[in-house]
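Take a look at the structure set out below.
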Amino acid sequence: MKTKKISALAAAAVLLGNLLCASASAAAEKVSGWAQQDVLEAQSSGLIPPGLSGRLGGRLTRERFAGAAVKLYMALTGVEPPSVAGPSPFRDTADSFVRQAYKLGIVKGTGPSSFSPNAVMTREQLAQMLYNTLVRAGLAGELQAGGAAFAFADAPHIAAWSRDAVNALTAAGFMQGSPAPEGGARFEPDRPATGEQAIVLVNRIFRRFGTFFVHNEYELMDAPLQPQPVVVKDSRTAAVYEKAKAVLAEIIRPGMSDYEKELAIHDYLLLHVAYDYDNYVRNTVPEDSYTIYGAMIKGIAVCQGYAYAAQLLLEMAGIETHLVTGTAGGVAHAWNKVKIDGDYYNLDVTWDDPVPDVAGRVAYGYFNVTDEELRRDHSWHDQLPAAAATKYNYYAINNLIASSPSDFDVRVGAAIDAGENAITLKRLYADPQIDGGIGKIVARYPDVSGYTYTTDSSNVITYTFTYR
């Protein structure tokens with residue numbers, strides 16, 4: 001049995017990812033139904049600043065939106081905002097996002113040294129700040145290539161200073177009006193804007209114009225889920241990404257089912273990655289062994305490197321995959337939960353890889369197992385859907401299941417009758433005899449001169465026979 005250690009740095013990253021997922025779900029529950037999908041996408045893309053998180057249903061203040069504008073600028077350009085060192089230009093706020101937005105030219109003050117951070121933004125002010133963000137990101141030309149501006153019934157009430165912004169954003173289809181009693185639509189420029197309206201607009205702009213910039217491998221694991229083009233800014237992460245693409249091009253064939261893709265990825269990792277056992281027992285595991293880089297570039301990892309690599313490859317192959325953290329054998333551990341043909345399964349690539357490493361050997365004891373099975377030696381707490389299906393368990397789909405002792409007896413006997421050198425079976429029942437009572441079965445076959453067996457905690461047993 002292998003035990004695993006999660007480093008403090010990597011464990012913090014896992015915890016952060018779980019917190020972000022929880023935050024996204026919580027945020028979606030507090031906003032209107034029409035906004036939920038955009039809010040979840042914006043959360044995944046890192047577009048919601050701390051000041052807006054959990055407050056999306058309320059009115060939008062100038063300070064809170066400044067953070068969203070800066071986040072959008074960064075997402076559109078991949079450029080870090082200007083430094084905010086030195087005194088604040090405003091006496092009523094020292095917020096770093098406000099100062100960055102001011103330096104970028106996205107926002108202005110409301111007086112010689114005031115910003116009015118708590119003032120509620122109107123729809124036309126929101127339009128102007130979004131337009132400023134797009135201009136600073138170099139996308140003004142993209143907006144001008146849009147359709148014709150709306151002819152709002154209340155157009156005379158739109159301030160001259162915001163008219164270009166309103167026209168550009170409505171022509172591009174980002175902002176819309178409300179039905180007017182007199183026919184047509186009204187923009188309602190003075191109507192207070194809400195946080196959810198702002199984030200929906202931010203997300204839709206990012207969806208159309210944005211690029212998903214990746215700075216490390218934790219962000220890379222989110223890249224396959226993004227509709228935007230992916231640009232990797234870090235050379236080490238770029239090496240991982242190129243390796244992942246090359247691996248998938250090698251092992252995935254057109255027409256494969258999701259199960260077949262998952263199996264190919266599982267086998268690739270077992271055949272090309274070795275568990276860093278020597279460093280583990282010495283408590284000297286290097287940081288690389290906790291990473292995708294360690295697994296896919298160096299070929300050596302501990303559980304976290306295996307699970308991260310599996311998640312990246314599976315997601316790139318189009319398979320919904322989640323990272324699960326908990327314990328196995330009482331020690332911190334990480335594995336995956338996958339969705340195949342509408343059902344969830346547990347996949348622990350690490351525990352299928354033999355220790356010490358054996359070239360060419362693969363195992364499937366933890367390939368698509370149920371929560372009930374996994375709880376025999378794993379423990380975890382998450383809010384993921386339950387894994388209860390057995391259809392795509394490796395042994396079920398390959399008809400290698402022994403459901404009872406008598407079934408086991410028949411299957412082993414048939415293998416010997418056929419002169420097979422080996423047979424592997426997954427037992428669905430508890431057997432007090434760790435070897436499956438093979439001695440009594442073999443005694444009926446005088447041509448069998450000997451046998452060996454291997455078994456593991458997943459209740460899978462393999463027999464190898466020698467014949468006279």
Q: Specify which residue in the list 395, 370, 443 is farthest towards the positive end of the charge dipole of segment 297-454, using unit charges on the beta carbon of Lys, Arg (+1) and Asp, Glu (-1), about the Cα centre.
A: 443
Q | Dipole of the chain [Lys/Arg +1, Asp/Glu -1 at C-beta], most positive-end residue of 68, 359, 311 | A | 68
(Q) Based on the alpha carbons, how large is the Rg to Rh ratio for the chain when Rh follows Kirkwood? (A) 1.12
Q: Give me the aspartates and glutamates in straight-line cross-link reach of residue 103: C-alpha distance below 16 Å, same-chain residues under 8 apart excluded.
A: 63, 80, 95
(Q) Taking 4 °C and 1.567 mPa s as the conditions, I'd like the Stokes-Einstein D for segment 120-202 in µm²/s, using the Kirkwood hydrodynamic radius from alpha carbon pairs. (A) 101 µm²/s
**Q.** Computed accessible area, residue 323, all protein chains, 1.4 angstrom probe, square angstrom
**A.** 40 Å²
**Q.** Karplus (6.51, -1.76, 1.60) ³J(HN,Hα), θ = phi - 60°, over segment 175-184, in Hz, Gly and Pro reported as x
**A.** 10, 9, x, 10, x, 9, x, 7, x, x
(Q) Using DSSP to call loops (not H, G, I, E or B), can you name the GluC sites (Glu not before Pro) in segment 168-269 whose Cβ has at most 16 other Cβ atoms within 10 angstrom? (A) 182
Q. P(r) tail for segment 386-468, what percent of Cα pairs lie past 17 Å?
A. 45 percent
Q | Scattering curve values for segment 219-320, log₁₀ I(q)/I(0), Debye with Cα scatterers, q = 0.15 Å⁻¹ | A | -0.60
Q.
From the C-alpha coordinates alone, can you work out the Kirkwood hydrodynamic radius of segment 68-152, in Å?
A. 14.1 Å
Q. Which value, in Å to one decimal place, does the Kirkwood hydrodynamic radius take for segment 327-468 when every pair of different Cα atoms is included?
A. 16.5 Å
Q) Helix 258-272 versus the longest principal axis of the chain: what angle, 0 to 90°, nearest 10, using Cα atoms? A) 70 degrees
Q | Extent along principal axes [Cα atoms of segment 343-425; Å; largest to smallest] | A | 48, 31, 20
Q. Which pairs in the list 245/391; 298/391; 233/261; 71/245; 71/261 are over 31 Å apart, alpha-carbon to alpha-carbon?
A. 298/391; 71/261
Q: Note the full-extension length gain between residue 245 and residue 320 as 0.36 nm times their separation in residues minus their Cα-Cα distance, in nm to one decimal.
A: 25.3 nm
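The values are calculated or read from the model by the stated rules, or taken from the named source; none is laboratory data. Worth saying up front: this structure is predicted, and the values here are computed from it rather than measured. Counting neighbours? That spans all protein chains shown, and the Cβs are built from the backbone with ideal geometry, glycine included. Surface areas here come from the heavy atoms of the whole protein model, side chains and all, with no ligands, DNA or RNA. Shrake-Rupley method; radii C 1.70, N 1.55, O 1.52, S 1.80 Å.
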